[in-house]
Structure formats: structure tokens, C-alpha cells
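Peer 1: The structure under discussion is supplied below as C-alpha cells; questions concerning it will follow.
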Amino acid sequence: MKAVRNAPPGVEVVDVEEPSGDGELIKVAAVGICASDFMYLRWGSTYIAGHEIAGTLADGTPVAVEAIMGCSECEHCAAGNYQYCATTMTSSLGMTAAGGMSEYFRAPRRVLTPLPAGLAVRDACLVEPGAVAWHAARLGQVGPGTRVAVVGAGGIGMLAAAAAQAMGAAEVSVEARHPHQQRARERIGATEPSGIYDVVIEAGGNEGSLHRAIELARHQGTVVYTGAFYEKTDLPHMALAVKEVALRPSQGYGTHAGRRDFAEVAAMLAARPELPELLITHRYPIDDAAAAFVTAADRSQGVFRVVVEP
Ligand SMILES: [Zn+2]
Ligand SMILES: [Zn+2]
């Protein structure tokens, strides 16, 4: 079968054996490209790429695939917090394990979320980044009446805004720098930030966006950051202290009160077809995966998500 393998600094399409062994065989329909994929390339990964995966089972069921699989046996997995499982770092798709940017992929049944009516399988690669955003909003305890701001208007940021709306937030604002982001903000019914907020979700992944998020938080407000800060990051300690802002890291996704983040996001996307329409800006066949990665890295092209369709 065809597969897209990391070949730093880019990717290459190769012919590999179909995956065998345990788990369900999935005919892959769509795989999104995100910032982590570029991180894995920088770190020198030569695994098959792809962790934002959707496809169809042999019986025709369309599914979205959780990229955090866990071991299913430890205390964290038992509690539904599989993002804390010790296996997470050694089974990271596209980094320390073969990802799903290939014609077929195998995954245990427990990580598959059947899609609700209204969400097309080729759009369901958004469920994975959506779950990252959903988990962040849940950790921020967003609910009816909460005023929420999002800093960083990429795919995750827009999905975080939509998650906050779905949770009943009183007001959702998104700080958007580029024109396509401002148009998308308007389209989803979010506003430009003004004033201060109960919860600020940081989705920019850089020091500047973290500082801005802290600036937008009210006294005793919460800043949830989804960015993975691998390098030492400077914090505005005085601003944090003076406002007693709580800084809350958010990592991956899991379950909240027994509900899978994946199921919640699949339902949200099915209810709001404008989200996939807005956020999947480019689609490439698998043979053109190298070009897909070039487009995904180019900030000038109005990109939210670039999707490879095997
Ligand atoms: Zn991702
Ligand atoms: Zn585990």
C-alpha cells in the first residue's frame, strides 16, 4: 500500500506492507497535517506520518481514530485519562510509532469513535485536533455564562472557540491576525477581544501568545495553554501574581465525566457543517503528500488544515 513517510526535512510516498496483527483494519479516508508533524520532522523521525486520522471499517462504519491509544490497563487508562498513560511517549503516531497517513491503518477498537450522521468521513480528521481544543475548554471549566477568549487563530484556536460556544459560553472572542482568520472568526460567530475574560485559551504555541493570553485574563481568571512549549519559556511573573491568574497546561484529550472528548467533538462538527468547510482549506491525494506538507508550512496561503486523502 502507499504510505507517507517522514524523510526530513520533508516527506516521501513509499510502498509498504499493509499493517497486520491485532486491531481493526481501517481504510483511511483523510489525514490532517498539524504543527506537531513538523516538530517530528525537525526531531528526525522517519516513521510513517499522520495522527489526525479518519477512515472506514470493513463493515462500512466511518470512524475517527484517537491518536492517544494508551495501554487500556493502567490506573490512568482505567480512569479515562489515557493521555497520562506511560505508553504515550513511546507510541506517538508519526514520532515513535507508525502513523496513519497511508491507505490502511490498524487500531484497537477502543480508540475508534463511530461518526454521527452529518459528519462526512473526509471531514472527520478534524475530530483529533478538535478533541485537543475541547479538552482545553473543559480544563478551563468553560460553561454557561463564561467569557472566553482564544489567542492563536489557527485550526486548534478556531475549534477551541467552537468548543466554548458548544459549552454555552456567554461570549467567545478570538484574537486573529490574518485576514482569513478574521473572516473565519466572523463566520463562526466569535468577536474580536475587548476587555478581560474569565478563561483564555492559548492556542498559538509561542511565548508571545502566552503573554497575550495572561494579559487578557481577569483577576483569578484561568489561562489554559494547548501549546507544547519544548523550550524554556519566559513568563510575566508579576502580571500573573498581581492578577492571581491560574496557568493550566492542557495535553491531548481523554474523557470528562465519562464522555469522550472525541465523541463530543464529532457531535459538534456534525451539528456545525460550516466548521469543516472553513477549516479544511486544502486537500491533496496521497501521491502529492510532499506538496501538501509544503502548503501546510506556508503561512501566506490562508491555511487552516491541509488534508491528505489516501
Ligand atoms: Zn495534531
Ligand atoms: Zn495506560
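The values are calculated or read from the model by the stated rules, or taken from the named source; none is laboratory data. Just so it is clear, the model here is predicted, and its values are computed rather than measured. As a convention, Cβ positions derive from the backbone with ideal geometry for all residues, glycine included, and neighbour counts pool all protein chains shown. Accessible surface areas use protein heavy atoms only, side chains included; no ligands, DNA or RNA. Shrake-Rupley method; radii C 1.70, N 1.55, O 1.52, S 1.80 Å.
Peer 1: Please compute the net charge surrounding Arg122, taking Lys and Arg as +1 and Asp and Glu as -1 over other residues with Cβ under 15 Å from its Cβ.
Peer 2: -3
Peer 1: Next question. When we measure straight from the Cα of Lys2, which aspartates and glutamates land under 17 angstrom away, once same-chain ones fewer than 8 places off are left out?
Peer 2: Glu12, Asp15, Glu17, Glu18, Glu103, Asp287, Asp288, Glu309
Peer 1: Of Val242, Gly252, Leu210, whose Cα points farthest to the positive end of the dipole of segment 155-279 (charges on the beta-carbon: +1 Lys, Arg; -1 Asp, Glu; origin at the Cα centre)?
Peer 2: About the Cα centre, the residue reaching furthest to the positive side is Gly252.
Peer 1: How much length, in nm to one decimal, is gained on full extension between Asp22 and Gln301, taken as 0.36 nm per residue of separation minus their Cα-Cα distance?
Peer 2: Between Asp22 and Gln301, full extension yields an extra 96.4 nm.
Peer 1: Something else about it: Please get the size of the charge dipole for the chain, origin at its Cα centre, with Cβ charges of +1 on Lys and Arg and -1 on Asp and Glu, quoted in debye to the nearest 20.
Peer 2: 620
Peer 1: Follow-up. Normalise the Debye intensity by I(0) for segment 1-75, one equal point scatterer per Cα, no solvent, then take log10 at q = 0.12, 0.24 Å⁻¹ and round to two decimals.
Peer 2: These q points yield log10 I(q)/I(0) values of -0.40, -1.24.
Peer 1: Also, I was wondering about something else. What is the spread of the Cα atoms of the chain along each of their three principal axes, largest first, in whole Å?
Peer 2: Taking max minus min along each principal axis of the Cα atoms, the chain gives 58, 43, 39 Å.
Peer 1: Same structure again: DSSP loop (so not H, G, I, E, B), at most 12 other Cβ within 10 Å: list which GluC sites (Glu not before Pro) in segment 172-259 pass both filters.
Peer 2: Glu231, Glu244
Peer 1: Would you mind pulling out the separation of the Cα centroids of segment 45-102 and segment 185-199, in Å?
Peer 2: Result: 33 Å between the Cα centres.
Peer 1: Follow-up question, since we're still on this one. At 0.36 nm per residue, and after removing the present C-alpha to C-alpha distance, how many nm does the segment from Arg248 to Ala35 gain when stretched out fully? Please report the intermediate quantities before stating the final value.
Peer 2: Details: separation 213, 0.36 × 213 = 76.68 nm, distance 2.08 nm.
Residue separation times 0.36 nm, minus the Cα-Cα distance, leaves 74.6 nm.
Peer 1: Now for a separate question. Return the long-range amide H neighbours of Thr255 (sequence gap of 5 or more, or a different chain), with a cut-off of under 5 Å between placed amide H atoms.
Peer 2: Under 5 Å from the amide H of Thr255 lie the amide H atoms of Tyr82, Asp261, each far enough along the sequence or on another chain.
Peer 1: Next up: Write out the trypsin sites (Lys or Arg not before Pro) in segment 150-212 meeting two conditions: DSSP loop, and at most 16 other Cβ atoms within 10 Å of their Cβ. Each step should come with its number before you reach the end.
Peer 2: On the way: sites: Arg177, Arg183, Arg185, Arg187, Arg212; in loops: Arg177.
Those satisfying the criteria are Arg177.
Peer 1: Considering only protein heavy atoms and a 1.4 Å probe, what is the carbon-and-sulfur percentage of the accessible area of the chain? Display every interim value, and only then the final one.
Peer 2: Working: 6810 of 13510 Å².
Here it works out to 50 percent.
Peer 1: Grab the eigenvalues of the alpha-carbon gyration tensor for segment 1-155, scale each by 5, take roots, and send me the semi-axes largest first in whole angstrom.
Peer 2: Sorted largest first and rounded, they come to 25, 19, 17 Å.
Peer 1: Over all distinct Cα pairs, what is the inverse of the mean 1/r for segment 174-310, reported as the Kirkwood hydrodynamic radius in Å?
Peer 2: With all distinct Cα pairs of segment 174-310 included, I get 17.3 Å.
Peer 1: Within segment 1-85, report the GluC sites (Glu not before Pro) that DSSP leaves as loop and that have at most 11 other Cβ atoms within 10 Å.
Peer 2: Loop-located and lightly packed - Glu17, Glu73.
Peer 1: Could you tell me which residue out of Pro62, Cys85, Trp134 lies farthest along the dipole of segment 1-160 toward its positive end? Charges go on the beta carbon: Lys and Arg +1, Asp and Glu -1, centred on the Cα centre.
Peer 2: Farthest towards the positive end: Trp134.
Peer 1: Under a point spin-label approximation (7 Å from Cα along Cα-to-Cβ), what is the Arg42-Met1 distance to one decimal in nm?
Peer 2: Placing both labels 7 Å along Cα→Cβ, they lie 3.1 nm apart.
Peer 1: If the cut-off is a Cα-Cα distance under 30 Å, which lysines reach Lys243, setting aside same-chain residues fewer than 8 apart in sequence?
Peer 2: Lys232
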